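Enquirer: The structure's right below; bear with me while I get my questions together.
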Amino acid sequence: MSIIFGPVNSRRFGLSLGIDLSPSQKSCTFDCLYCELEPAKPVDTIINPPSVEEVIKETQKALKEFPDVDVITITANGEPTLYPHLDELVDELGKIKKDKKLLILSNASRIDEPAIQQTLRKFDIVKLSLDSANQKTFKKIDRPLKGINVDNIIKGMIGFRKIYTGFLVIEILVVKGINDKPQEFEALNEVLQQIKPDRIDIGTIDRPPAYKVEPVSYEKLFELSKKIKNLPVTIVSRKKEKKYHLHLNKQELIELLAHRPLTQEDVDTLFDQTTKNLVNELLQTHQLQEKKVGNVTFLEIIQKK
């Protein structure tokens with residue numbers, strides 16, 4: 001599996017080049033119900049992580065091919081703060097990123113650790129997840145590694161905000177019947193007032209989930225969002241995306257789809273006609289399949305058994 005994937009048209013961050021720090025397997029402190037990766041027992045290490053040198057070499061190569069990306073996104077098949085050389089990697093990326101923003105997508109499970117806070121300070125954008133402020137609900141939806149407590153995560157977020165001068169985003173993902181009650185968002189509002197993020201993104205399941213859980217409606221998200229007072233809130237939507245005309249070869253397309261299922265709208269928004277033809281070819285040769293999640297149909301790679 002490739003370290004680099006994309007570019008992806010992120011609904012929230014622009015054209016994004018992804019760096020996967022756990023390319024060979026899922027490595028995460030959570031096993032979230034809604035995860036687009038296969039279910040896996042939570043862990044606190046990444047086995048056989050790529051070296052900093054490998055990551056930088058692949059990133060430099062990708063930036064030459066795709067010079068117009070807006071952000072370089074640190075992610076993982078799981079949790080990127082488990083990468084043992086993250087601090088060194090951020091420093092090295094800072095030397096080659098030029099005008100690109102550095103973004104990390106984290107589940108916030110280690111945000112209460114001072115060393116992690118110091119590393120995350122170096123990012124232009126930090127996106128942290130907080131699906132519930134209640135430990136019981138948190139455990140049910142995020143299925144964390146034993147010993148991880150949401151109160152410690154919240155305290156860590158509050159402390160991090162005090163030292164972080166970049167753009168802080170808190171993401172809340174709503175699952176039907178679990179964290180979609182008004183009192184959940186009233187509790188979240190209380191802690192968000194203390195965290196003071198630059199933006200709060202509220203969304204729901206829109207990719208094939210690990211477990212049999214369902215999304216909520218846009219209308220439900222809108223009602224819940226009203227519980228968050230005097231803070232910038234966006235409801236994550238696929239609307240209003242500008243058109244790109246990216247050209248990917250077959251292998252690059254397969255690598256992208258292996259990391260992230262795309263909707264037909266994603267395909268129409270992202271790719272030039274040649275790449276769209278490749279998508280159709282993958283469908284016709286049964287390397288790609290359609291999967292419906294709620295009212296949205298995704299295209300995903302058929303994994304070989």
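The values are calculated or read from the model by the stated rules, or taken from the named source; none is laboratory data. Treat the numbers as computed from the prediction; the structure is a model and nothing was measured. Every residue, glycine among them, receives a Cβ derived from its backbone with ideal geometry; neighbour counts consider all protein chains shown.
Enquirer: Please specify each residue of the range 253-297 satisfying the condition of being surrounded by 17 or more Cβ atoms within 10 Å (Cβ to Cβ), more than 17 Å from E36 (Cβ to Cβ) and modelled with pLDDT of 90 or more.
Expert: L253, T275, L278, V279, L282
Enquirer: Something else now. Working only within the range 146-177, note down all residues that are part of a loop (DSSP other than H, G, I, E, B) and either farther than 22 Å from S27 by Cα or polar (S, T, N, Q) (or both).
Expert: Start the filter on the range 146-177 by keeping residues that are part of a loop (DSSP other than H, G, I, E, B), which leaves 146-149, 164-166, 175-177.
Answer for the range 146-177, where residues must be part of a loop (DSSP other than H, G, I, E, B) and either farther than 22 Å from S27 by Cα or polar (S, T, N, Q) (or both): N149, Y164, T165, G166, V175, K176, G177.
Enquirer: Report whether or not I96 is surrounded by fewer than 18 Cβ atoms within 10 Å (Cβ to Cβ), farther than 23 Å from P39 by Cβ, at pLDDT 95 or above and among the hydrophobic types (A, V, I, L, M, F, W, C).
Expert: Numbers: surrounded by fewer than 18 Cβ atoms within 10 Å (Cβ to Cβ): yes; farther than 23 Å from P39 by Cβ: yes; at pLDDT 95 or above: yes; among the hydrophobic types (A, V, I, L, M, F, W, C): yes.
Yes; evaluated as a whole, the condition is true for this residue.
Enquirer: Among the residues that make up the range 125-145, is at least one of them in a helix (DSSP H, G or I), within 22 Å of F5 (Cβ to Cβ) and among the charged types (D, E, K, R)? Outline the logic, then answer.
Expert: Restricting attention to the range 125-145, the residues satisfying the condition of being in a helix (DSSP H, G or I) are 135-142.
Cutting the leftovers down to within 22 Å of F5 (Cβ to Cβ) gives us none.
Scanning the range 125-145, I find no residue that is in a helix (DSSP H, G or I), within 22 Å of F5 (Cβ to Cβ) and among the charged types (D, E, K, R), so the answer is no.
Enquirer: Can you tell me which residue within the range 76-93, out of those that are modelled with pLDDT under 95 and not hydrophobic (A, V, I, L, M, F, W, C), is surrounded by the most Cβ atoms within 10 Å (Cβ to Cβ)? Write out each step before concluding.
Expert: The first filter runs over the range 76-93 and keeps only residues modelled with pLDDT under 95, leaving 76-78.
So of that shortlist, the ones also not hydrophobic (A, V, I, L, M, F, W, C) come out as 77-78.
On the way: N77: 21, G78: 25.
This residue is G78.
Enquirer: Now a separate question. Return the only residue of D112, D68, D44 being surrounded by fewer than 22 Cβ atoms within 10 Å (Cβ to Cβ), assigned by TED's automatic domain parsing to the domain that holds I172 and closer than 26 Å to G203 by Cα. Break it down into steps so the answer makes sense when it comes.
Expert: On the way: D68 fails: closer than 26 Å to G203 by Cα; D44 fails: closer than 26 Å to G203 by Cα.
One residue alone meets the criteria, D112.
Enquirer: Evaluate the following for D180: is it modelled with pLDDT under 95 and in the same structural domain as S129 (by TED's automatic domain parsing)? Can you show your working first?
Expert: Working: modelled with pLDDT under 95: no; in the same structural domain as S129 (by TED's automatic domain parsing): yes.
When the stated conditions are applied, D180 does not pass them.
Enquirer: Select from the range 203-222 the residues that are hydrophobic (A, V, I, L, M, F, W, C) and surrounded by fewer than 19 Cβ atoms within 10 Å (Cβ to Cβ) and list them in ascending order.
Expert: First pass over the range 203-222, keeping only residues hydrophobic (A, V, I, L, M, F, W, C): 205, 210, 213, 216, 221-222.
Result: A210, V213, F222.
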